[in-house]
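> To start, I am sharing the structure in question, which I have written as structure tokens.
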Amino acid sequence: APSDLVLFMGITVLVLSSGLVESRRLGIQRRLAAAPVRLRSIVTAEVASLLVIAAGQSIGLLFVGRVLFGVHWGNPFGTGLVIGLLALAFSGASVLIGTWARTQEQAIASSVVIGIAAGMLGGCVYPLDVVDSTVRNVGHAVPQAWAMDAFIKLIYHHDGLSAVLPEIGALAVFAVVLCSLALRLSSRKMRSLA
């Protein structure tokens with residue numbers, strides 16, 4: 001259940017980048033850029049809308065995991081922080097893909113490849129405990145690995161919030177970096193449209 005949550009939330013949120021490409025194609029972003037609203041506010045709203053979708057999907061997967069599979073997710077506050085920061089990191093990455101992609105098809109294809117590759121590298125398909133230390137270290141270049149490490153501690157080791165603080169810190173860094181890049185690059189792209 002935790003690996004499905006991490007893998008599918010990543011793929012879903014990243015694929016939503018195609019909507020940003022479509023809004024640019026339809027001229028919606030150009031009209032928004034001309035409105036008396038700060039461009040950063042528009043990009044922040046895009047990230048927030050992706051967060052709402054990620055939250056809905058996460059709640060559904062948490063519920064299914066608990067009801068159908070009897071998963072005890074561990075410390076609720078720790079679980080919530082891990083999911084929230086992971087969703088924020090995915091939202092920032094989605095806005096970046098939506099800013100970069102030229103067509104919806106390109107955004108979708110890139111998102112699926114990135115989502116699956118990062119999920120595999122991050123331990124959603126196979127546990128990072130069974131691979132070489134080099135692969136394990138490279139896997140931690142993606143937020144999925146940090147989320148999976150946190151879920152292993154919370155669910156399987158029954159650790160508390162303090163045990164997952166390093167993973168929460170790493171996810172926070174991913175979220176801040178990806179959202180900052182998204183804010184900067186998407187604002188710049190919207191400014192060029194106006």
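> So which of 125, 176 ends up being closer than 30 Å to residue 31 by Cβ, under 18 Å from the mean Cα position of the chain (by Cα), among the aliphatic types (A, V, I, L, M) and open to solvent by 80 Å² or more (accessible area, probe 1.4 Å)?
Step by step, each of 125, 176 is checked, and only 176 is closer than 30 Å to residue 31 by Cβ, under 18 Å from the mean Cα position of the chain (by Cα), among the aliphatic types (A, V, I, L, M) and open to solvent by 80 Å² or more (accessible area, probe 1.4 Å).
> Considering only the range 97-109, I want to know if a residue exists there that is closer than 21 Å to residue 175 by Cβ, open to solvent by 30 Å² or more (accessible area, probe 1.4 Å), touching a helix residue (DSSP H, G or I) at 6+ places or on another chain (Cβ under 7 Å) and of a type outside the set (A, V, I, L, M).
Scanning the range 97-109 turns up no residue that is closer than 21 Å to residue 175 by Cβ, open to solvent by 30 Å² or more (accessible area, probe 1.4 Å), touching a helix residue (DSSP H, G or I) at 6+ places or on another chain (Cβ under 7 Å) and of a type outside the set (A, V, I, L, M).
> Quick one: which residue in 70, 78, 92, 60 is surrounded by fewer than 12 Cβ atoms within 10 Å (Cβ to Cβ) and within 28 Å of residue 162 (Cβ to Cβ)?
Working: 78 fails: surrounded by fewer than 12 Cβ atoms within 10 Å (Cβ to Cβ); 92 fails: surrounded by fewer than 12 Cβ atoms within 10 Å (Cβ to Cβ); 60 fails: within 28 Å of residue 162 (Cβ to Cβ).
Within the list 70, 78, 92, 60, the selection yields 70.
> Just checking, which of 138, 125 is assigned to a loop (DSSP other than H, G, I, E, B) and more than 20 Å from residue 75 (Cβ to Cβ)? Before the answer, list the steps.
Working: 138 fails: assigned to a loop (DSSP other than H, G, I, E, B).
That would be 125, the only listed residue that is assigned to a loop (DSSP other than H, G, I, E, B) and more than 20 Å from residue 75 (Cβ to Cβ).
> Continuing with this model, one more query. So which pairs qualify, if the first residue must be in the range 69-93 and on the phi > 0 side of the Ramachandran plot, the second must be at pLDDT below 95 and of a type outside the set (Gly, Ala, Ser), the Cβ gap must be under 6 Å, and the two must be at least 6 apart or on different chains?
74/154; 74/155
> Okay, moving on. With (1) in a helix (DSSP H, G or I); (2) out of contact with any helix residue (DSSP H, G or I) (no Cβ under 7 Å at 6 or more places or on another chain) as the list, and residue 3 as the residue in question, which single condition is left unmet?
(2)
> Going through 181, 154, 185, 165 one at a time, which residue ends up being over 18 Å from the mean Cα position of the chain (by Cα), surrounded by fewer than 18 Cβ atoms within 10 Å (Cβ to Cβ) and of a type in the set (A, V, I, L, M)? If you could, list the steps in order and put the result at the bottom.
Details: 181 fails: over 18 Å from the mean Cα position of the chain (by Cα); 154 fails: surrounded by fewer than 18 Cβ atoms within 10 Å (Cβ to Cβ); 185 fails: over 18 Å from the mean Cα position of the chain (by Cα).
Answer to the check: 165.
> Then there's this: In a helix (DSSP H, G or I), of a type in the set (S, T, N, Q) and closer than 30 Å to residue 185 by Cβ: is that true of residue 79 in this structure? I'd like the intermediate steps shown before the answer.
Values: in a helix (DSSP H, G or I): yes; of a type in the set (S, T, N, Q): yes; closer than 30 Å to residue 185 by Cβ: no.
No; evaluated as a whole, the condition is false for this residue.
> Can you tell me which of 51, 86, 68, 96 is in a helix (DSSP H, G or I) and more than 13 Å from the chain's Cα centre (by Cα)? Spell out the reasoning first.
Details: 51 fails: more than 13 Å from the chain's Cα centre (by Cα); 86 fails: more than 13 Å from the chain's Cα centre (by Cα); 96 fails: more than 13 Å from the chain's Cα centre (by Cα).
Answer to the selection: 68.
> Output the qualifying pairs, or none if there are none: Cβ atoms under 6 angstrom, residues six or more apart or on different chains, first residue in the range 159-179 and on the phi < 0 side of the Ramachandran plot, second residue among the acidic types (Asp, Glu) and modelled with pLDDT under 95.
167/149
> Counting only residues that are surrounded by fewer than 16 Cβ atoms within 10 Å (Cβ to Cβ), assigned to a helix (DSSP H, G or I) and over 22 Å from the mean Cα position of the chain (by Cα), how many does the range 11-48 have?
5
> Is it the case that the range 1-9 has a residue that's within 11 Å of the chain's Cα centre (by Cα), hydrophobic (A, V, I, L, M, F, W, C) and surrounded by fewer than 20 Cβ atoms within 10 Å (Cβ to Cβ)?
Yes.
The values are calculated or read from the model by the stated rules, or taken from the named source; none is laboratory data. Small disclaimer: the values here were computed from a predicted structure and weren't measured. Virtual Cβ from ideal backbone geometry, glycine too; neighbours counted across all protein chains shown. Accessible surface areas use protein heavy atoms only, side chains included; no ligands, DNA or RNA. Shrake-Rupley method; radii C 1.70, N 1.55, O 1.52, S 1.80 Å.
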